[in-house]
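Participant: Pasting in a structure now, in structure tokens, and then I'll have a few things to ask.
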Number of protein chains: 2
Amino acid sequence: MRKSTAQPGWVKTITLDPPSLENNTADADRFLEGLKKQLGTDALSIDLELLFGLPERLRTQGFRVRCVVFKDLDRYAVVALLDPEDPQPATGLALDIGTTSVVMVLVDLETRQPLARRTFTNPQVQIGPDILTRIHYSETREGLFHLKALLVSAINENLEALCRMKGLKKEQVYIVSAAGNTAMTHLFLGLPPGRLIREPYIPVVNRIPLLEAARIGLRVHPAGRLFVFPNIGSYFGGDLFAGILYSGLHESDTLSLLVDVGTNAEVVLGNRDWLMACAGAAGPALEGGVTKMGMRAGPGAIDRVSIDPATRKIRVQTIDNQPPRGICGSGLIDLAAALFKAGMINVQGKFNPVSCSEHLVQRDGEWHFVVVPGRETATGEDLTLTQAELDSLIRSKAAMYTILETLAHSVGVSLEDIGAFYVAGAFGSVIDPDSAIGIGMLPDLPRDRFHVLGNSAIGGAVQALLSEDGIDQVGKIRDRTTYLELNVNQAFMNRFSAAKFIPHTDLSRFPSVTVPSVLKPALESKRTPLS
Amino acid sequence: MRKSTAQPGWVKTITLDPPSLENNTADADRFLEGLKKQLGTDALSIDLELLFGLPERLRTQGFRVRCVVFKDLDRYAVVALLDPEDPQPATGLALDIGTTSVVMVLVDLETRQPLARRTFTNPQVQIGPDILTRIHYSETREGLFHLKALLVSAINENLEALCRMKGLKKEQVYIVSAAGNTAMTHLFLGLPPGRLIREPYIPVVNRIPLLEAARIGLRVHPAGRLFVFPNIGSYFGGDLFAGILYSGLHESDTLSLLVDVGTNAEVVLGNRDWLMACAGAAGPALEGGVTKMGMRAGPGAIDRVSIDPATRKIRVQTIDNQPPRGICGSGLIDLAAALFKAGMINVQGKFNPVSCSEHLVQRDGEWHFVVVPGRETATGEDLTLTQAELDSLIRSKAAMYTILETLAHSVGVSLEDIGAFYVAGAFGSVIDPDSAIGIGMLPDLPRDRFHVLGNSAIGGAVQALLSEDGIDQVGKIRDRTTYLELNVNQAFMNRFSAAKFIPHTDLSRFPSVTVPSVLKPALESKRTPLS
């Protein structure tokens, strides 16, 4: 038997006085009055569909009702009526709709515990792995519907499987929360995303109205509600707002920064009083995207690199300890940091022929740095990094740092003032902060200020299911966030130029980074003209 | 071209600033911000379905949008988006769902003028002409669905016809308002009405949630909204609340009373500060229901009766001037009043054999008063009224007066204090106040205080379509109304006994009614024991 006392969360159990000649309010009004008292608000509505069975239910359940409610802005709605004696859980579904992967977590709305989790590839990748291809594909109505149907069908199928595994029915899912970037959110809802990529970059919608999940084809409870995290423009989406909710930085007194490190750097800076967000392109190099040996994190991907400063011997670690096939983003950042630390690249990110010695080979008129020789790789071919590829990585890390610096500058703080630095996203969670700081991609803060959030989008989506407060907070976060348009003006370019050095032209910003003595003269000579 | 200035009513036209790099809010948010400014509230939501076409619409219409909004409690919802250049009207449909007849009025939501009106027989009469039969029929799920489907299909068909006549499409109907008694409201919505007639007489719902009209099968615009007038119990329904709205008594400083005269007397007394309602059975006699010659108002029905006091000759007037076939309610009340005035019935409502003379004939052991001899009737048979039938009418008029008196007494006012007396309903509109007062059915107020409202249910339903204010007012009226349960206790019975005289035992209450001198001694002898 379930508790009848007030609980936090979306499931409420109430006991009503039975009707009499002296107290002959209608059944629905009686029920709503009781629920209003428990919710502490008059703003409550109920669907007509629920009224049909209400009188019978009240009488067979002895005027005790367990119900699922949900909140839309200031108003609660009754979503479903349940039997307090029914041991079956009422559940919610949290969705992180990524461009590549979709993560779903089923949550018990009463115990507020996760019940099951599942990750699957976003089937829209069969149309195009990147967002741009999909947006172009969606420009016909058929294309848009197809992309939406692919995603929604896959969610339904995976939900079916998840429910089967836990002995549940999809109809026991009453609330869905979904976080995705702006383009994925549009495609999920079947809204045309074409203007996201065309000046002046206008989404169809920023604040998504609460709706019935069935309206977009989700096969959950027919009256189940869908909450979609809002966005603040084409490049700062619901996944970031979910991340902010998950990090709690919007409730903190400490100046905090949250960054989703990737091809796009999406950043928010602030505290309980204000939030300033921006997004900018850091380039695919950070994720290994522009290197020939770059690959997604997977078996055989080099994800950790170190170089013995004395012997300059390179040690790599691969995922699943398979023979190396390529390098993923975190490995690449490690590699660059290790090369610098060993004095094998200089402050400008150029290979030092002396210290690199036999690692440097020339092929097709280009210098290649051999990371793993062919005899040790899975393919038998050398895994190499060219100077051009390294230059691209340096530009990307400089862009990332410049974005952070510009955002901080816009509100008159410096990066060192940041008391809590949250790194969000799957990629962010595998980066070694020491390496990222070592190349000057992230600011040189005490390491205990760094917090790796992992997949904060799904974390925030789960949180929105847990209480009345979650959704409210998202609204408040969204309202309090100011979006800073990054203008690539002279000031930005000056910052960018300074950040193209390793770790930076202004070494005082990176006290924990030791510049190898062999490189110091070069740094000095370079700094003079700029300082 | 339509005006772009703010208009009262549910259709708004707004002009937005087009987006730019500096002002790159999403299309939906831009539109809603603009609309919020015009509505003067932040409580506004929009259906997902409307977002799909919004970006294209904004750009083809030069960022001018005409839209239909509707209000649910404190929140507006955007129902539909239209082109400001489209000359087609946006319309609303008002429904009076009577047990016998359904009246529909199509209203232009912008000009706020009625466009067309249509009345048809409620097809549920084929199941049963009275509510009770229908409620019994609805006790199976199939029966309930059948009753609902009959009504909704008929509304759809008649709407189709109405629209065709005016060159409109059903999809141009965006808002529906419906007023009916509590049982009809339940059947219209497909809610089981069985408990309305069983102690303790509990409706499924009093305050009906605003819903999409399509949810109950109304074929109007797919997103069209349905407002259903609330009820306050089994016997005081939405038709009465519509009547109150239409009368305006809830906004008046004057103590006012609204009564729907019929088999049930539904009464509300009050002013801008308070409203007290009650309902009680007056009996079918008032509508001619228990007389053999009783008939519905229709061709050949006697609707007016007068008797020459000198000659005691009876003059009747029939509907359409057809030969008399029967008598309808207003004719019966006229007849009783005329008989009394001519001294042909006494203060107790008994035929006076002397003054009735040749009109009284005995048949089957009963005294019959011949109203129209067979040679003048359509059927060739005498139209007669028996003493038992007259007794029944007297009891009904006494019940009506007693209900009015009890309601007034409950709030400490007397019936003479009533400054405005509204008579609602089709039947009420044909009653001659002089006759009704003459028999003591209605209080003897100066005649200019009587206001015949006609079909106030459809009047109120239309009014709810005209402005933001109408729906709000209905909610306020409902919240402010106290329902008085009529207890048939000793005080009630004493009042009832006193009211069974014509016009009343207390003649001082009916100064305008002249008691024929021939009857005075009888009245005196009767009053003594009661006074």
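Participant: Can you work out the FRET efficiency for the pair A:GLU33 and B:GLN113, with r the C-beta to C-beta distance and R0 = 30 Å, to the nearest 0.05?
Facilitator: It comes out at approximately 0.15.
Participant: Note down the nm distance, to one decimal, between modelled labels 7 Å out along Cα→Cβ at B:HIS409 and at B:GLU171.
Facilitator: It is 6.0 nm.
Participant: Continuing with the same structure: From the backbone phi of the range B:161-169, what are the Karplus-calculated ³J(HN,Hα) couplings (6.51 cos²θ - 1.76 cosθ + 1.60, θ = phi - 60°) in whole Hz, Gly and Pro given as x?
Facilitator: With coefficients 6.51, -1.76 and 1.60, one gets 5, 4, 5, 4, 4, 9, x, 10, 10 Hz.
Participant: May I ask you to report, in nm to one decimal and beginning with the shortest, the distances from A:ARG164 to the same position in the other copies, taking label points 7 Å along Cα-to-Cβ?
Facilitator: 5.1
Participant: Past the 17 angstrom mark, what percentage of all C-alpha to C-alpha distances in the range A:332-409 do you count?
Facilitator: Value for the range A:332-409: 50 percent of Cα pairs lie more than 17 Å apart.
Participant: Kirkwood Rh over Cα pairs of the protein assembly as shown into Stokes-Einstein at 10 °C, 1.306 mPa s: D in µm²/s?
Facilitator: Rounded to a whole number, D works out at 46 µm²/s.
Participant: Please list, in order along the range A:435-445, the HN-Hα scalar couplings obtained from phi with the Karplus expression 6.51 cos²θ - 1.76 cosθ + 1.60 (θ = phi - 60°), rounded to whole Hz, x for Gly and Pro.
Facilitator: 5, 4, 6, x, 9, x, 7, 10, x, 7, 9
Participant: Looking at B:THR99, B:ASN321, B:LEU453, which one has the Cα that reaches farthest to the positive end of the dipole of chain B (charges on Cβ: Lys, Arg +1; Asp, Glu -1)?
Facilitator: B:ASN321
Participant: Amide H neighbours of B:VAL176 under 5 Å, counting only residues 5+ apart in sequence or on other chains, H built in-plane at 1.01 Å?
Facilitator: Amide H neighbours of B:VAL176: B:LEU93, B:ARG225, B:LEU226, B:PHE227.
Participant: Also, I was wondering about something else. Per residue of B:47-60, how many C-beta atoms from partner chains lie within 10 Å of its own C-beta, taken as a mean?
Facilitator: 4
Participant: While we're on this one: For the range A:287-387, which semi-axes, largest first and in whole Å, follow from the square roots of 5 times the eigenvalues of its Cα gyration tensor?
Facilitator: In descending order, the three semi-axes are 20, 15, 13 Å.
Participant: Please report B:PHE120, B:PHE52, A:PHE340 as a ranked list, fewest other C-beta atoms within 10 angstrom at the top and most at the bottom. Intermediate results must be reported in sequence, preceding the final value.
Facilitator: Details: B:PHE120 14, B:PHE52 17, A:PHE340 26.
So the ranking, lowest neighbour count to highest, is B:PHE120, B:PHE52, A:PHE340.
Participant: Something else about it: Rank by packing, highest mean first: peptides B:279-289, B:456-466, with packing defined as the count of other Cβ atoms within 10 Å averaged across residues.
Facilitator: B:456-466, B:279-289
Participant: Is any residue of the range A:53-68 close enough, with backbone N under 20 Å, to a label point placed 7 angstrom from the Cα of B:GLU139 along the Cα-Cβ axis, and if so, which?
Facilitator: Flagged as within label range: A:53-60.
Participant: Nm distances between the label at A:ASP86 and the same-position labels in the remaining copies, 7 Å along Cα→Cβ, shortest first?
Facilitator: 4.1
Participant: Moving on. Return the FRET efficiency for the residue pair A:ASP434, A:LYS520: r is the Cβ-Cβ distance, R0 is 25 Å, and the value is rounded to the nearest 0.05.
Facilitator: 0.75
Participant: Could you work out the mean count of beta carbons from other protein chains within 10 Å of each residue's beta carbon in B:16-26?
Facilitator: 5
Participant: In addition: Hull surface divided by four, with the convex hull built on the Cα atoms of the range A:134-279: how many nm²? Working shown, then result.
Facilitator: Values: hull surface 39.9 nm².
Over every viewing direction, the Cα hull of the range A:134-279 projects on average to 10.0 nm².
Participant: Sticking with this one: In nm, to one decimal, how far is the modelled label at B:THR100 from the one at A:ASN158, with both set 7 Å along Cα→Cβ?
Facilitator: 6.4
Participant: Check A:ASP72: other-chain or 5+ apart residues with amide H under 5 Å from its amide H, H built from backbone geometry?
Facilitator: Amide H neighbours of A:ASP72, under 5 Å, 5+ apart: A:ALA77.
Participant: Moving on to the next point. Quick one: which residues, 5+ away or cross-chain, put their amide H under 5 Å from the amide H of A:LEU484? H built at 1.01 Å from N.
Facilitator: A:ALA277, A:CYS278
Participant: At 0.36 nm per residue, and after removing the present C-alpha to C-alpha distance, how many nm does the segment from A:THR41 to A:ASP391 gain when stretched out fully? Intermediate values should be presented prior to the final figure.
Facilitator: Values: separation 350, 0.36 × 350 = 126.00 nm, distance 5.95 nm.
Stretched out fully, the A:THR41 to A:ASP391 stretch lengthens by 120.0 nm.
Participant: Each residue of the range B:83-93 in order: what ³J(HN,Hα) in whole Hz does its phi give by Karplus 6.51 cos²θ - 1.76 cosθ + 1.60, θ = phi - 60°, with x for Gly and Pro?
Facilitator: Here the 3J(HN,Hα) series is 8, x, 8, 6, x, 5, x, 9, 10, x, 10 Hz.
Participant: Same structure again: For the range B:474-516 and the range A:474-523, write down the distance between their C-alpha centroids in whole Å.
Facilitator: 87
Participant: Just to be sure I understand the model, the point goes 7 Å from the Cα along the line to the Cβ. What's the resulting A:ASN489 to B:ASP364 distance in nm?
Facilitator: Reported label-point gap for A:ASN489 and B:ASP364 is 10.1 nm.
Participant: Smallest Cβ-to-axis distance in chain A, for the rotation taking A to B: which residue, how many Å?
Facilitator: Here the value is A:ARG75, 3.
Participant: With +1 on each Lys and Arg Cβ and -1 on each Asp and Glu Cβ, how big is the dipole of the range A:132-229 about its Cα centre, in debye rounded to the nearest 20?
Facilitator: Charge dipole of the range A:132-229: 180 debye, to the nearest 20.
Participant: Rounded to whole Å and sorted largest first, list the principal axis extents of the Cα atoms in the range B:11-82.
Facilitator: Dimensions of the range B:11-82 along the principal axes of its Cα atoms: 37, 21, 20 Å.
Participant: Please name which of B:SER355, B:ALA342, B:VAL372 has its Cα lying farthest along the dipole of the range B:338-403 towards the positive end, using unit charges on Cβ (Lys, Arg +1; Asp, Glu -1) and the Cα centre as origin.
Facilitator: My answer, from the dipole projection, is B:ALA342.
Participant: Ok, one more. Considering only DSSP beta bridges whose two residues both sit in the range B:91-228, what percent are antiparallel, to the nearest 5?
Facilitator: Percentage antiparallel, nearest 5: 60.
Participant: Given a Förster radius of 51 Å and the C-beta distance between A:SER252 and A:ASP130 as r, what FRET efficiency does 1/(1 + (r/R0)^6) yield to the nearest 0.05?
Facilitator: Approximately 0.90, to the nearest 0.05.
Participant: Treating the beta-carbon of each Lys and Arg as +1 and of each Asp and Glu as -1, no other charges, what is the dipole magnitude of the range A:311-373 about its Cα centre, to the nearest 20 debye?
Facilitator: 180
Participant: With only alpha-carbon atoms counted, please give the Rg and Dmax of chain B, in Å.
Facilitator: 26.7, 99
Participant: Additional query: Between copies, how far does the label point of A:PRO373 sit from its twins, in nm, shortest first, when each point is 7 Å from Cα along Cα→Cβ?
Facilitator: Counterpart label points of A:PRO373 in the remaining copies fall at 13.8 nm.
Participant: Compute, for chain B, the length of the dipole vector about the Cα centre, with Cβ point charges of +1 (Lys, Arg) and -1 (Asp, Glu) only. Units Debye, rounded to 20.
Facilitator: 540
Participant: OK, next. Which one, B:ILE202, B:TYR137, B:ALA149, projects farthest toward the positive side of the charge dipole computed for the range B:91-228 from Cβ point charges (K/R +1, D/E -1)?
Facilitator: Positive-end residue among those listed: B:ALA149.
Quick note: the coordinates plus some simple rules give every number you see, no bench work behind them. Quick caveat, the model's predicted, so the values are computed rather than measured. Heads up, the Cβs are rebuilt from the backbone with ideal geometry, glycines too, and the neighbour counts pull from every protein chain shown.
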